[in-house]
1. From the convex hull of the Cα coordinates of the stretch B:32-191, what is the mean projected area in square nanometres?
2. For B:Ala322 and B:Arg458, FRET efficiency with R0 = 56 Å and r from the beta-carbon atoms, rounded to 0.05?
3. Could you tell me which residue out of B:Tyr413, B:Ser394, B:Ser379 lies farthest along the dipole of the stretch B:379-423 toward its positive end? Charges go on the beta carbon: Lys and Arg +1, Asp and Glu -1, centred on the Cα centre.
4. For A:14-21, what's the mean count of beta carbons from other chains sitting within 10 Å of each residue's beta carbon?
5. List, largest first, the extents of the alpha carbons of the stretch B:350-457 along their principal axes, each in whole Å.
6. Applying 1/(1 + (r/R0)^6) with R0 = 22 Å to the Cβ-Cβ distance of B:Arg21 and B:Leu291, what FRET efficiency is obtained, to the nearest 0.05?
7. Counting other beta carbons within 10 Å of each Cβ, put B:Glu304, B:Glu365 in order, fewest first.
8. What order do you get for B:Ile198, B:Ile120, B:Ile286 when you list them from fewest to most C-beta neighbours inside 10 Å?
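Throughout, read-outs are computed from the coordinates displayed, never taken from laboratory work. What you see is a predicted model; the values in this text were computed from it and never measured. Note that each Cβ is placed from the backbone with ideal geometry, even for glycine, and that neighbours are counted across all protein chains shown.
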Amino acid sequence: MNRRILIVDDDRAMVKTLCDIFSLRGWEPRAAYSGKEAVAAQRADKFPVVLMDIKMAELDGISASKVMRTEHPDLKIFLMTAHTGPYSVREVAREGTYYLLPKPIDIASLLSMLE
Amino acid sequence: MRPAPTSIPPRIAPQNSLGIRLPVAAGALVLLVALILTTAAYLTVRQAAMGDATRRLTTLSDQFNETFRTSMGQLRGQVKDLAHRDPVADFLRTSTTATRLAAQKVIENNGTQREQVAVIEIRDSTGAVRLSSDSATIAETFPRPARPDSGMVGKFVQHKDSIFYSLAALVPGPQGGYVVEWRRVGANTRSRDQTSKIIGTEAGLYFGNSDGSVWTDLSAAVPAPPMELTRLKGIQTYTRPGNRGELLASAAVVPGTPWIYTIEFPTRTVVEPAAAFLRNMALIAILCVTLGLVAAWILSRQSELPLRRLTGAADAIAAGEAGRRVQLSRPDELGRLGASFDGMADQVEESRQKLEDKVAARTKELNQTLERLQDAQESLVRREKLAMVGHLASGVGHELRNPLGVMSNAVFYLEMVLAGAPDNVREYLGILRQQITLSGKIVNDLLDFSRINPAQRRKTTVQSIAATQLDRLAPLDGVRVEQEFPASLPCVHVDPVHAGQVVMNLLTNAVQAMGDKGGTLKLRGRLNGGNVVLFEVTDTGPGVPPENLERVFEPLFTTKARGIGLGLAVSKSLAQANGGDLAVTSEPGMGATFIFAMPASTEPA
């Protein structure tokens, strides 16, 4: 079972806590701090799951996920957003991203879903 | 509304008042008429009296002329008879003792015994006295008749204290000579009475010589009347010295004599009836004037009183006593004027009333419009405030979500790694988690309130909205929930998310208001006016103080220790965005009832 996961956020504390939690649950998390970095990491290591914030300074989550999806159609992308409004949801749905996690994310639910 | 007080004209000065001027004018007129009439009547009466007196004088003169002619004729006859006696001629022819005695006897027998005859003389042709009944003669001069057929009357002569006149007759025969009879003028009582009867007691009868020398009133000598003796025709008027008043006189020559007589009347006696008439007339005139004045005064008073009432009513109305009327019940022009005035006042009053009603109606409309405007303005201000607050809340909320997420992750991590830690550590982790969750909720609320999405209204029921939100709120410790939704309650046409948000807010508030003690939460739905469904949330908390009832929907208004005061403001905006509204009623100590009005659905059930 491939339990590798790419965790992307420009908030380092967020990335660190998530990585630690996933590590503790037996995952191999890999941190990235921008969309650009995430796309590069994904090209290099082909993670099956990406957990990524939408709002980032260098290439936002939606743009990055677009690139990743074209390169890896099977990729599971979880997008985290502080904006829970219908607008954001519609936009993400149009981009073909399947999972949208409103912040603060319910980590327990996410874990149970992934596991 | 009171009209503006107008200046009331000053009181009318007495000299300008009709009440004075009319009677005075009428009195003056009556006085003038009375004066003219009296004067005219007086003059007429006086003229008539004078005419009467003149006629009377003329008549008297005629009578006297006749009388004098007769009596003087008799006297002349007597003298002639005496002169024609033979002894007289004999004595004059031959003067002897015998003839003298015979002549003397004739004189004594035929003359001196007669009344008024003072002296009888026989004179020769030269005029010398040859024989006399007295030793002295009255006068030397005597009338000398040329023919012996009649006696001749002489002038009056004053002698000693008496007036005399002579009667002379020619003695027939060649010797000539005269018989001269001197008579004393003097009326006896009888003849005076007769004269008085004829001419009246007031009148005077005077005789005098035509040359004006001697005058007598038949008893004594008197001054000559101041009249023109050359012009005796008609009536003359004059005054005598010492005699008061004017005299009316008629003079004439005594026929057969050198005498003139005058009859005098005091004009006073003649015009006395006219004067009496004048006095009577004056009395009547005074009476007429007085009566006229009184009548004019009464008339003017009668005319003036209604005028005063009119003036009074006009002044009263001008001073604001709009209901004042004249109410003159008179059949004349003044009555008509009063009625016109009252009619006008009625119309003015009616117009004023109409105007006031109109003003009141307009004012009411204006106030309503103002109220609506104020409501709209309040609503606008609230939205504006909300938008501003929302903008801030949105930014802050989003920014807080990240750290909250990190904290949440951190707690999750710690709970995992410290599963075997002491109870107090795990308890504190639990407290952390709780507070993070609460913070998350606050942020969610903030974000919810910061953005009201366009309402996506559809048909739903208040029951389902209430049930959904009650589920989210559960469990409710110590709170008894009562629901009252009639089966007949129509569906509502709202955005279920919005309505849910409003209801959730009301439920949260109600539960918080009741606090730890709990209480009864009553939810009730009812139809209002056919097209509005009211959803009422009643709690048994302390209620809303009256001074806060208006303010609870203001953004940022809160009485809670916690909370930022957006819930009810957002709820009201949401309700209004869905065609409804939100209101509150409360009595302190009796809890509060929030009423969420929603439009009923027009779609068939």
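1. Taking a quarter of the hull surface, the average projection is 13.3 nm².
2. Calculated value: 0.35.
3. Positive-end residue among those listed: B:Ser379.
4. The mean count of partner-chain Cβ atoms within 10 Å per residue comes to 5.
5. So the extents along the principal axes, rounded to whole Å, are 96, 26, 26.
6. With R0 = 22 Å, the Cβ-Cβ based efficiency is 0.70.
7. B:Glu365, B:Glu304
8. B:Ile286, B:Ile198, B:Ile120
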